[in-house]
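The values are calculated or read from the model by the stated rules, or taken from the named source; none is laboratory data. These numbers come from a predicted model, not from an experiment. Here the Cβ positions follow ideal geometry from the backbone for every residue, glycine too, while neighbour counts run over all protein chains shown.
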Amino acid sequence: MRSFSVEGFPAASRPSRVALAFTAALAVTIARSSSAGAQQQAQGFAVERFYPSAPGGGWFVMDTLDMHGQVGGAVALTLGYAYKPLVITDGVQHFGVVTDEAFADLAVALTYERFRVYANFSHPMVISGTGGSIGAYTYKAPSVDAGRNPDLITDVRIGYDARLIGVHDSPFRLGMGAQLLIPNGDRSDYDTDGAFRAMVRVLFAGDVGMFTYAGQLGWHIRSLDDSPTPGSPQGSELLFGAAAGPRFPVTCSGSTALVVGPEVYGETAFQSFFGATTTGLEALLSGRLEGTASNGSQLRIKLGGGGGISAHFGAPEWRFVAGIEVFDHQGP
Amino acid sequence: MAFLLAPASVRAEVSEPAPRPDEQFDFMNLITHHGLHDIKDETWNAYGQFTYITSFHPQFSAAYTNLGNPPGVGNSLVPNSEQSWTGTFTLFLGARLWPGAQAFYVPEIIAEHAFSNLHGLGGAIQNFELQKQGSSEPLFYRSRAYIQQTIDFGGARVVQDSNPMQLGTAVDARRVVLRAGNFSVIDFFDKNTFSGDLRQQFFNMAFLTYAAYDFVADARGYSVGGMAEVYYDDWAFRIGRFAPPQVPNGLALTLELGKFYGDQIEIEHDHRIFGRAGAVRVLAFHNREKMGRFRDAIAAFQADPTMNNAANCGSSRVNYGSQNANAPDLCFVRWPNDKVGIGVNIEQRITDDIGVFFRGMYADGQTEVYAFTSTDRSISLGASAHGSAWRRPSDVAGIGAGLGWISQAHADYLRMGGIDGFIGDGTIRQAMESVVDAFYSVNVANAVWLSVDYQHITNPAFNADRGPVDVFGARVHAEF
């Protein structure tokens, strides 16, 4: 083993110099460790608050509640990109813990008369950002890409919706829905809370002349409460949102229609109801081309863009989404 | 209709669904019988399966275990008694997109516990469901997501029953099928009616496909790529290219398909002998991957044993955890190399209820295992039978043997103390690894089977100084 020596000093002075150096090093170590002790590592959570509607639901987030007929179904693929969905700031400095997030959400639904069961499987393609510290909290940047995580599914959503009032094309339809979110993924990748979550929602929708609308109000049961950590969930949240727009026929027969309109949606933690740091509000301007027949297989293509109105996690600076759905109703 | 299916994940693997009888319960038949679905001409279907397998091996004799490594480090099968289990739950979702086009999506959950952290067996892994990066914590993942397009060009019409990963429809006997996306190579290559759908058949991985077929796959057995099939009456021809993992036996795939890839080509002929159906398939593969050659690892060690030993790999190189400072390691010699192999797969129905099978493959054996098992040459053969003779037509029984060998270069490397992804006892007395697997599946309810299994494994990890090992297993399998 190699021996260490302190060279360049008289032999008699070495102990005191060594002692001095040792004392200084100890002081630095203590200072660092006390500083490090005050630092806490943020654990991460499910940053995304864009929950695509059930397959066949029409809008990107809202739901048209138009289930009808015999056994039918829908398959939907939604692709999205969000820029800076999680920015941490203390008023002076700020950095994007999650700056880029791209996902593919594949969902399937079965419908029967006024009922629907469905499952959403979301695949993160990219989740990346910048690590850093603010105050006593240190944030580690996520690093997810398709090659590194080829088969990753984040929290799986399994849902059930039922229309309680109205028929599939009536001016007012009211329904209820429930979703269970099964945790999957890694908190440090900002794609899961690592705990089961649930949503219970009241849904409403309708078609009045050429206008169509939809909305929701619900309770997001979220056990994760990281209140002291800036930018983090603070327990259960109120879900809200609405969408409306005109429907234009684009073919002479009226078999295909274009719907254009805004969707506004968000969440706020009950713990700090509509508080500035607990509310995420986002708006999308969306358009969709869709088949209008009430029987048989139809195609729907959707495009949307927008961004956060009230910046909190999950409400990005801007977002782009695209979707395609094949939905099938059999019978009246 | 329905299935007998089961994409099975092996230590990197999966098996393609096989059809199951019409009378069995499943969701698609249920809604069809109620007049709610057209199962002959489907626009969508949905199936599911659940399988739980438990295995136990009692204590066995071993002259040594993990020689040259500290206790608990190395690739030996632990000689103390062990218990292993897997649980899987799978959904198979399919939809027709446009004429001839079908899309499939297959989410799956797995939880598992392997013998000796999945070390110490070559091709004779006792449970085909085991994956390389599994854990006892349930994990949800996407096993498959792909699109296929069928282009008919004549011949007789062939009915395709509704099954997992197959919509009920009719196609021409002469057709081209193009497929792209995320699935397993062995979903479509190297099929065998009597040895392949292991959730209904044998327990041991030696019967899933050729043990020496190091088909490219991530740690769960799936890959990304494209393939084409040409069916011409009794003939079928398949060719495909798929993405390998970035590092041997890893989960992350490298998507540079022009640089690193696994190519396979297969030709199949279906025949009838005395009116009984059979098939012969010949498959060849060529992998181009960043992997180590055994001779290169030995040469590197001999050139500088102080630097190029297994204890010196450091954290930046994959060495499977060996700390043996007196052994070579593949970590020093990983660069683009090639692996090739060729195999024959035969199946033949003997009676209405009994079928026999044979598989044999020869791979060059010069490079390390990259995705499947450590075996370099393999044979498996056996028979399976339904229980009509004893008035249990839905019961299945089978007996088979799986034999495996390693190349001389591979053996030399192991003898010097080297390890690969799964085997390496510190030294070796080279021998053929073999397994005899016998099972009986009782159809306890409409689509629920309870199976018992016995396996006798000799020379585990191709080492005559260890074993034999007896493995007792049980399985619960349900389809819906």
## Note on the structure
Subset of region B:227-259, residues surrounded by 19 or more Cβ atoms within 10 Å (Cβ to Cβ) and acidic (Asp, Glu), comes to B:GLU229
## Note on the structure
The condition of being closer than 23 Å to A:LEU77 by Cβ and crowded, with 23+ Cβ neighbours inside 10 Å holds, among B:THR169, B:THR90, only for B:THR90
### Task
Could you please tell me which pairs satisfy a Cβ distance under 7 Å, a separation of 6+ or placement on different chains, a first residue in region B:211-226 that is closer than 23 Å to B:PHE462 by Cα, and a second residue that is in a loop (DSSP other than H, G, I, E, B) and among the aromatic types (Phe, Trp, Tyr)?
B:TYR213/B:PHE372; B:ASP214/B:TYR370; B:ASP214/B:PHE372; B:PHE215/B:PHE372
### Query
Just wondering, is there one or more residues in region A:60-71 that are among the aliphatic types (A, V, I, L, M), under 21 Å from the mean Cα position of the chain (by Cα) and part of a strand (DSSP E or B)?
no
### Query
Given the structure, is A:ALA82 within 14 Å of another protein chain (Cβ to nearest Cβ), part of a strand (DSSP E or B) and small (Gly, Ala, Ser)?
no
### Task
Name the single residue, out of those in region B:181-195 being of a type outside the set (A, V, I, L, M, F, W, C) and part of a loop (DSSP other than H, G, I, E, B), that is farthest from the other protein chains (Cβ to nearest Cβ).
B:THR193
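Can A:THR212 be described as touching a residue at least 40 places away in the same chain (Cβ under 8 Å) and more than 19 Å from A:ALA54 (Cα to Cα)?
no
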### Task
Report, by residue number, each residue of region A:263-277 that is modelled with pLDDT of 80 or more, among the hydroxyl-bearing types (Ser, Thr, Tyr) and within 18 Å of the chain's Cα centre (by Cα).
A:TYR265, A:THR268
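Each row is one residue, and each column tells you yes or no for (1) of a type in the set (Asp, Glu); (2) under 24 Å from B:GLY421 (Cα atoms); (3) within 18 Å of the chain's Cα centre (by Cα); (4) away from chain A (no Cβ under 14 Å).
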{"position": "B:ASN69", "(1), (2), (3), (4)": "no, yes, no, yes"}
{"position": "B:SER81", "(1), (2), (3), (4)": "no, yes, no, yes"}
{"position": "B:PHE104", "(1), (2), (3), (4)": "no, no, no, no"}
{"position": "B:ILE110", "(1), (2), (3), (4)": "no, yes, yes, no"}
{"position": "B:LEU118", "(1), (2), (3), (4)": "no, yes, yes, yes"}
{"position": "B:LEU121", "(1), (2), (3), (4)": "no, yes, yes, yes"}
### Query
Within region B:196-226, can you find the residues that are surrounded by fewer than 24 Cβ atoms within 10 Å (Cβ to Cβ) and away from chain A (no Cβ under 14 Å)?
B:GLY226
### Summary
Scanning region A:128-180 for residues that are among the polar types (S, T, N, Q) and more than 30 Å from A:LEU217 (Cα to Cα), the one nearest to the chain's Cα centre (by Cα) turns out to be A:SER128
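Can B:GLY250 be described as within 14 Å of chain A (Cβ to nearest Cβ), in contact (Cβ under 8 Å) with a residue 12 or more places away in the chain, under 18 Å from B:GLY421 (Cβ atoms) and of a type outside the set (S, T, N, Q)?
In short, yes.
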### Message
Regarding region A:101-119, can at least one residue be identified that is surrounded by fewer than 18 Cβ atoms within 10 Å (Cβ to Cβ), under 30 Å from B:PRO245 (Cα atoms) and β-branched (Val, Ile, Thr)?
### Response
no
### Task
Select from region A:85-142 the residues that are part of a loop (DSSP other than H, G, I, E, B) and either within 25 Å of A:VAL156 (Cα to Cα) or within 14 Å of chain B (Cβ to nearest Cβ) (or both) and list them in ascending order.
A:GLU113, A:ARG114, A:GLY129, A:LYS140, A:ALA141, A:PRO142
### Task
Being surrounded by fewer than 22 Cβ atoms within 10 Å (Cβ to Cβ) and either more than 21 Å from B:LEU118 (Cα to Cα) or not hydroxyl-bearing (Ser, Thr, Tyr) (or both) is the filter here, so list the residues in region B:134-147 that pass it.
B:GLU137, B:PRO138, B:LEU139, B:PHE140, B:ARG142, B:TYR146, B:ILE147
## Note on the structure
Counting only strands (runs of 3 or more DSSP E) wholly inside region A:148-211, the ones holding at least 3 residues that are more than 12 Å from every other protein chain (Cβ to nearest Cβ) and either of a type in the set (D, E, K, R) or touching a Ser or Thr at 6+ places or on another chain (Cβ under 9 Å) (or both) are A:197-208
### Query
Any chance region B:264-280 includes a residue that's within 14 Å of chain A (Cβ to nearest Cβ), part of a strand (DSSP E or B) and touching a residue at least 40 places away in the same chain (Cβ under 8 Å)?
no
### Query
Somewhere in region B:130-145, is a residue under 16 Å from B:THR54 (Cα atoms) and within 14 Å of the chain's Cα centre (by Cα)?
yes
### Task
Among residues belonging to region B:303-344 that are buried (at least 18 other Cβ atoms within 10 Å of the Cβ) and small (Gly, Ala, Ser), point out the one that is modelled with the lowest pLDDT.
B:SER322
